[in-house]
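Okay, structure first, notes after.
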Amino acid sequence: MRVMAEEQAEVKGRDAYEKSFPEGSSKSRDRMSAALALAVLGVVYGDIGTSPIYALQQCFIGDHPLPVSQGNVLGILSLVFWTLVMVISIKYMVYVLCNDNKGEGGIFALLALLRPNKGQSRWSRRMLILIGVVGAATLYGDSMITPAISVLSAVEGLHVATPSLSAFVDPITVLILLVLFAVQKFGSGKIGIAFGPVMVVWFFSLAVLGIHGILHAPVVLFALLPTYAVNFFLHNGVTGFLVLSAVFLVTTGGEALYADLGHFGRTPIRRVWYGFVLPALLLDYFGQGALLLAHPKAVKNPFFLLAPHWALVPLVLLATAATVIASQAAITGAFSLTRQAIQLNYLPQFQVLQTSAESSGQIYVPLVNWLLMVAAIGLVLAFHSSTNLASAYGVAVNMSMAITTLLVFHVHLERNGWKLRSALLFLIVFLAIDLSFLGSNMLKIPDGGWISLAIGAAMLVVMTSWRQGSRLLAEQMAENAEPFDQFVQRIRKQKVPRLAGTAVFLTGRLHQTPPALQQVVRHIGVLQERVILLTVLIEKVSRVNLEDRLEVDVLEDGFVRVVLHYGYMQGPNIPSDLQRLNEHGIQLDLASISYFIGQVDMLAGRKRSGMMVLRDRLFVWMARNTRDMTSSYHIPAGQVMSVGLQVGI
């Protein structure tokens, strides 16, 4: 594993669209708002926006089928309405979205906001953080299932429109998923703007179809009253509780919505939800309910049967496009989750590519993208239908939502100045809702729910092993590290011979001696007459001007400390920028410089570390295969020298 030469700064997620237009121009601001709304529709709301395709259907023909009666239909619709209001409109939009870590959302953002040992024992704080990591790990399982069930449920509309094409459902779904993941490299902003117009048509179609259905049975509007939800439980008992797992499907996308906060900002997300998405969803759900009251046999696929026969094929095509976009929220949420995990040192340094110079939150993570693609296609081929996949769906994201409630409670107390009474009220109300859904969803574990939990468990092992292994490695490195002033005094005392030439040692530690430098002096016993201690910093802006790039501090005994500052959209070019040291009176011959990079060789099981042997070996394997950041620094390969250091963990 390479000793990195940079200290990666956390990049602030912000709504940069507002900076792309002149403040004094109302027309420009209007265009900005419209473009941003389109992007939000195309990225954030695809997942929750396509839930009407399968959610209401699963309430009646899922694992615990219900008879289609007026009481059951109105009861389910009442549950759907109040679930969207309480979970999404109030919990997420009002309380959860107001908590961000430098613009980023998601469970890791909440973990970063928690103050260490704030009013809790060390053990309690560690348990709270572990619970948060569990919630983040389970989201990866949801990110794999969402594209599979979303696209598959739409393509299944071919069963209704053209039954003869039923055999092509799986191949078409796989092809669509291949294309979806292939375009991720273009960035969520461009994808969102491209997909946005499709989602406008989609939500408009939901609203029109819903109104058409409601006009045939306006009685469904009585379901807005919570008494119908209460009566539903009273009349159905245990079965009513079990059906909650299907009702929960209307919220899928809520956690990804929060994870996508860094891509667009909270204000656009809220405005689009209240002004467009929520009304369209409710109209469609109520329209499907009205159809079921008029034609109970439509329960086999109420979403597609709500449309006139002539509109079936266009609706299947539109639904397919919308579900492709639906997967976008989960995918971009996984990208954001991964970057935050890297920043908090829960995952190795994967390649994270910025896809926008204006918004630091818009990123692309190639490894995560292709792993999600393989998993989604595998799920489609294994389950073959959205009904089967629904059994695997919901458990992981429901668990994450409950954990989010718990973490937000603590953040409100520690960061937002809430009184204990108000914070407890938030916790009791929303955790009760989350646990009710979770209790019903847990019964789906034997039928497929175990898949997302198994994926989450695997990710939990990976993240905790990397975190603890990194800590143990840092402790070992700290034991061997030497303060720079002390190192200089030692080489003076030992009269270490100095050779002609320049050596560059890359380091992320400004006040300690680079391990590679210590090793060179210890084993070779000589040193170049000029030694540059080089640190690369990635700042929170897209670009750093050339005049602000270089920070130079000339030290004694031929040592020079250099810090190079780059924006997150700039690729470091070390030789080019070192040449500018000539302006500071330091003459360099770039062709003769030797670059020294530390390489740590870890030996698993050589030290009592507190980790199991298998986790020990897992960490060592990940560390040895971690991406070498210096490979993108444009350092000539023939001038690089790797200096090894063995460490037992």
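The values are calculated or read from the model by the stated rules, or taken from the named source; none is laboratory data. Here the structure is a predicted model, which means the values were calculated and not measured. Ideal geometry is used to build each Cβ from the backbone, glycine not excepted, and the neighbour counts take in all protein chains shown.
Restricting region 548-597 to residues that are within 13 Å of ALA503 (Cα to Cα) and of a type in the set (Gly, Ala, Ser), the residue that is surrounded by the most Cβ atoms within 10 Å (Cβ to Cβ) is GLY558.
Among the residues making up region 290-299, those that are under 26 Å from VAL85 (Cα atoms) and surrounded by fewer than 23 Cβ atoms within 10 Å (Cβ to Cβ) are LEU293, VAL299. Residues that are modelled with pLDDT of 75 or more and either in the same structural domain as GLY448 (by TED's automatic domain parsing) or buried (at least 18 other Cβ atoms within 10 Å of the Cβ) (or both) number at least 2 in the following helices (runs of 4 or more DSSP H) confined to region 80-193: 107-113, 122-155, 169-182.
Could you list, in sequence order, the residues of region 35-48 that are under 19 Å from the mean Cα position of the chain (by Cα) and either part of a helix (DSSP H, G or I) or of a type outside the set (Phe, Trp, Tyr) (or both)?
Start the filter on region 35-48 by keeping residues that are under 19 Å from the mean Cα position of the chain (by Cα), which leaves 39-48.
Within region 35-48, ALA39, VAL40, LEU41, GLY42, VAL43, VAL44, GLY46, ASP47, ILE48 meet the criteria.
Quick one: which residue in LEU499, LEU473 is outside the structural domain of LEU578 (by TED's automatic domain parsing), under 30 Å from ILE635 (Cβ atoms) and touching a residue at least 24 places away in the same chain (Cβ under 8 Å)?
Just one listed residue meets the conditions, LEU473.
Test GLY439 against the criterion of being surrounded by fewer than 23 Cβ atoms within 10 Å (Cβ to Cβ) and either touching a strand residue (DSSP E or B) at 6+ places or on another chain (Cβ under 9 Å) or without any contact (Cβ under 8 Å) to a residue 60 or more places away in the chain (or both), and give yes or no. Show your work before the answer.
Values: surrounded by fewer than 23 Cβ atoms within 10 Å (Cβ to Cβ): yes; either touching a strand residue (DSSP E or B) at 6+ places or on another chain (Cβ under 9 Å) or without any contact (Cβ under 8 Å) to a residue 60 or more places away in the chain (or both): no.
The answer is no for GLY439.
In region 600-633, what residues are among the β-branched types (Val, Ile, Thr), part of a helix (DSSP H, G or I) and either modelled with pLDDT of 70 or more or out of contact with any Lys or Arg (no Cβ under 8 Å at 6 or more places or on another chain) (or both)? Hits for region 600-633 are VAL613, VAL620. Would you confirm whether any residue within region 504-525 is assigned to a helix (DSSP H, G or I), among the charged types (D, E, K, R) and surrounded by fewer than 20 Cβ atoms within 10 Å (Cβ to Cβ)? Yes: one or more hits.
Residues that are farther than 20 Å from VAL324 by Cβ, more than 21 Å from the chain's Cα centre (by Cα) and not aromatic (Phe, Trp, Tyr) do not occur anywhere in region 195-203.
Condition check ((1) without any contact (Cβ under 8 Å) to a residue 40 or more places away in the chain; (2) surrounded by fewer than 20 Cβ atoms within 10 Å (Cβ to Cβ); (3) not aromatic (Phe, Trp, Tyr)) across all residues:
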| residue | (1), (2), (3) |
| --- | --- |
| LEU282 | no, no, yes |
| TYR285 | no, no, no |
| GLN288 | no, no, yes |
| ASN301 | no, yes, yes |
| PHE304 | no, no, no |
| PRO308 | yes, yes, yes |
| ALA311 | yes, yes, yes |
| ALA319 | no, no, yes |
